[in-house]
Amino acid sequence: MTDNVSLTIKIDPTLKETLKSLALENQVSLSQEVCQRLQASLVAIEAIAVDNQGTAEETGTQLTESEVKQLRALLKKTKKKK
């Protein structure tokens, strides 16, 4: 039993030739090329859907050991005040 199913679609002949050329260049079948491109487009859509507000976290530099020690000391001070 196979995990793949057949799908028949109608596309522009120029698009088909472009896909054939890309498949040949990538050394895969036309079917594999189309599947890879469809999957990639769906992953891209999911990534956009997760962060459609532009709220992605920025990746900054990690804290140094001394900065971590300072934060711990500060947290201990605030705990003692409570």
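Bear in mind that the values in this text are calculations on the coordinates, not laboratory data. This is a predicted model, so every value here is computed, not measured. Cβ sites come from the backbone with ideal geometry, for glycine too, and all protein chains shown count toward neighbours.
Straight-line cross-link reach from Lys77 at under 21 Å between alpha-carbon atoms covers these lysines, not counting any fewer than eight positions away in the same chain: Lys69.
Legend: ranking of residues Asp3, Asp12 from fewest to most surrounding C-beta atoms inside 10 Å; resulting order Asp3, Asp12.
Distance between the 7 Å Cα→Cβ label points at Asp3 and Leu22: 2.2 nm. In this simple spin-label model, placing a label point 7 Å from the Cα along the Cα-to-Cβ direction at both Thr78 and Asp12 gives a separation of 5.8 nm.
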